[in-house]
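The values are calculated or read from the model by the stated rules, or taken from the named source; none is laboratory data. Not measured: the values here are computed from a predicted model. Every residue, glycine as well, gets a Cβ built from its backbone with ideal geometry; the counts of neighbours run over all protein chains shown. Accessible surface is based on the protein model in full, side chains and every heavy atom, while ligands, DNA and RNA are left aside. Shrake-Rupley method; radii C 1.70, N 1.55, O 1.52, S 1.80 Å.
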Amino acid sequence: MSSASLIKTPPEKVRVNGWVFYTSTALILLLTAILIIAPQEAGRMLGVAQAWLSKSFGWYYMVVIAAYLVFVLGLAFSSYGKLKLGSKDDTPDFSYGAWAGMLFSSGIGISLLYFGASEPLDHYFNPPEGAAASNGAARQALQLTFLHWGLHGWAIYALVGLAVAYFAYRHNQPLALRSALYPLVGERWVKGAAGHAVDGFGMFVTLLGLVTNLGIGSMQVSSGLENLFGMEHSNTNLLIVIIVMSTVATIAAVSGVENGIRRLSNLNIVLFSGLLIFVLLFGPTLHLLNGLVQNTGDYLNGIVLKTFDLYVYEGDGDKTERWMGLWTLFYWAWWISWAPFVGMFIARISRGRTVRELVAGVLLIPLGFTLAWLSIFGNSALDLVLNHGAVELGKTALEQPSMAIYQLLEHYPASKIVIGVSIFVGFVLFLTPADSGAVMMANLSCKGGNVDEDAPHWLRIFWSAVITLVTIGLLFAGNFEAMQTMVVLAGLPFSVVLIVFMFGLHKAMRQDVAMELEQAQLAERGRRGFSERLNALDLQPSQGTVQRFMDKHVTPALEDAATALRDQGLEVQTLLGKSKRCIGVRIEMEEGNPFVYEVSLDAYSSAPDDLPEEERTRYYRAEVYLHNGPQEYDLMGFAQEQITRDVLDQFESHRQLLGRVYS
């Protein structure tokens, strides 16, 4: 069966969105120039701003992060979870295995290598509450690490992915952040200043996350090479690592989602899993398994408490505020800064999935592995420090976190080989977020094209180059920490954008569910009313028969309906005479979803799909499509006046429904 498109006019050619592209580029380069030219003064001012934000808005971050998680879980478990990200007959673009692999790799980056051993050790020596370097601190260290890498962060990705995919694939909006504003401000504002502002700021926040990722990734790989080959810790070697990593990431970005990114995702899973299993089997296996179970229990048992824990009753308020700013608040802002490009990437690969599938996939597929990784590496590092006198490992975790995992692996057999593999794993882990981030930055810079059409290659190369140059400039200016501070600061305003996404998504879903119920009732009445006429027809008309019917009866009927609607003062868009297989009318509605009435020449087979093509009997229908997809009734046999009346009745029902939904 052919699927009728819900695109009302032929798509425009993909081209640069000048307002978004030039504004975001100028803002990014201006900030970078300031941080490079005046690193000390800029760093001091940003530090003051971060301290103020942690003190004044810590409560807000904790509440809003909890709200994101509750919202996406509520959607998944409600009736909205059945809604498909696309029309009724859309099927997923990727197999479940390929989709799961890309979900896994999109949000799991090289940071897991960086923090896997170093973060639990840091919390062990510098806990927010309780005695340092104690058994209680060790247990709390894993609970806090799980909190920072657990459900809350993945819920942010799921929220952005849902919002972008829902409006792109169900409402024919661009695959862009601005589309989530559609039900709140209307299509005119989405295409105007409000949409430009959201996309532009989303690009700015995304670049902060990508630069942080490249900085951490380059330091991680460089530290591994220092450990393995005794390389000197110098800016020259770091520069070489950055250029090599960025070049490979750019090549992968140019190859696109279907080729480079999917293959890298599959390689990620194999290598990452192999390293995890090695540490589990050649370390204190029983202790690590026991620790994984207990850490998971501690995390789930304390998830509500830790979600809202601001350590108000700890004696040293300045110490806990500083700890919150360096860790929990930084993580929440970091997840938010990654949300635009990871969420858009999730949307890009999730067409045809349901809301429930996307939420479950994003929350569970990467999460299980992430927590297992943190528990096994974290407990291995703690065991070495607590029980085997690995004092140097603890010191390294505090002073050079990127080196901690390599010093941990030195305690395992064939350490040089394993460290070499882990360096390569880190390199590959860096590539997937880097190349998908460049693709999404390029896509946000563009307008026009089909909903799932990626930006041109030169634009992907441009953003890869900008990310690389900004990272090099900040690292060499000694002001990379200032960029990490900017992540926290930029996360605050973008968290408000995500709140707007929640309201827009809920409003659209509530409206769509109500419309589906109403239209199902209308379709059923229509099928009953015309059943006798349809039974009298040839039930397997040819393509030519249906095409002549559409030319002779449907097109004039739609013209009459468009005239009648224009007489009511409405702006009616028509697709008549431009396509032989799909004709229709469209009216933008200030109250919500546009009114769409399309008639598509769809092909069906009257025999099972497993029969050879030559043995199948094909027939055709003049299928009716409304805004939410096919209505499962055929216009063949309708008189011209009846078709016109059906259009007007459907419009009136649509308008009344909008009034009921928004009253």
Next item on the list: Starting from the stretch 281-305, keep only residues that are closer than 16 Å to Trp149 by Cβ, then list their pairs with residues that are open to solvent by 80 Å² or more (accessible area, probe 1.4 Å) whose Cβ atoms are within a distance under 7 Å, requiring at least 6 positions of separation or different chains.
Entry: Asp298/Arg139
Margin query: Return the residues of the stretch 445-460 that are touching a helix residue (DSSP H, G or I) at 6+ places or on another chain (Cβ under 6 Å) and modelled with pLDDT of 80 or more; say none if nothing qualifies.
Written below: Ser445, His457, Leu459, Arg460
Next item on the list: Enumerate the pairs (first residue in the stretch 143-162 and in contact (Cβ under 8 Å) with a residue 24 or more places away in the chain; second residue anywhere and among the aromatic types (Phe, Trp, Tyr) and assigned to a helix (DSSP H, G or I)) with beta-carbon separation below 6 Å, excluding pairs fewer than 6 apart on the same chain, so at least 6 apart or on different chains.
Entry: Gln143/Tyr299; Phe146/Tyr299; His148/Tyr331; Gly153/Trp335; Ala155/Tyr68; Ile156/Tyr68; Ile156/Trp335; Leu159/Tyr68
Check: Tally time: how many residues in the stretch 629-652 are open to solvent by less than 20 Å² (accessible area, probe 1.4 Å), out of contact with any strand residue (DSSP E or B) (no Cβ under 8 Å at 6 or more places or on another chain) and over 13 Å from Leu558 (Cβ atoms)?
Finding: 1
Notebook entry, point to check: Are any residues in the stretch 108-160 within 20 Å of Gly426 (Cα to Cα) and open to solvent by 10 Å² or more (accessible area, probe 1.4 Å), and if so, which ones?
Noted result: Tyr114, Phe115, Trp149
Note to self: I'm told Ser179 meets every condition in (1) touching a residue at least 24 places away in the same chain (Cβ under 8 Å); (2) of a type in the set (Ser, Thr, Tyr); (3) in contact with a helix residue (DSSP H, G or I) (Cβ under 6 Å, 6 or more places away or on another chain) except one. Can you identify the failing condition by its number?
What the structure shows: (1)
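Quick check on my filter: what residues within the stretch 653-663 are in a helix (DSSP H, G or I) and either at pLDDT below 80 or surrounded by fewer than 20 Cβ atoms within 10 Å (Cβ to Cβ) (or both)?
In the first step, residues of the stretch 653-663 are kept if they are in a helix (DSSP H, G or I); the result is 653-662.
Matches in the stretch 653-663: Ser653, Arg655, Gln656, Leu657, Leu658, Gly659, Arg660, Val661, Tyr662.
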Checklist line | Top-ranked residue of the stretch 199-235 - restricted to ones that are open to solvent by 20 Å² or more (accessible area, probe 1.4 Å) and in contact (Cβ under 8 Å) with a residue 24 or more places away in the chain, ranked as nearest to Gly109 (Cα to Cα) | finding: Met219
Next item on the list: Output the residues belonging to the stretch 35-45 that are open to solvent by less than 90 Å² (accessible area, probe 1.4 Å) and aliphatic (A, V, I, L, M).
Entry: Leu35, Ile36, Ala38, Ala42
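Quick one: would you say Asp90 is under 19 Å from Val488 (Cβ atoms), acidic (Asp, Glu) and open to solvent by 10 Å² or more (accessible area, probe 1.4 Å)? Talk me through it step by step, then tell me what you get.
Numbers: under 19 Å from Val488 (Cβ atoms): no; acidic (Asp, Glu): yes; open to solvent by 10 Å² or more (accessible area, probe 1.4 Å): yes.
So Asp90 fails the test.
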Check: Do we find a residue being crowded, with 17+ Cβ neighbours inside 10 Å, under 31 Å from the mean Cα position of the chain (by Cα) and either over 30 Å from Ala165 (Cα atoms) or at pLDDT 80 or above (or both) anywhere in the stretch 512-522?
Finding: yes
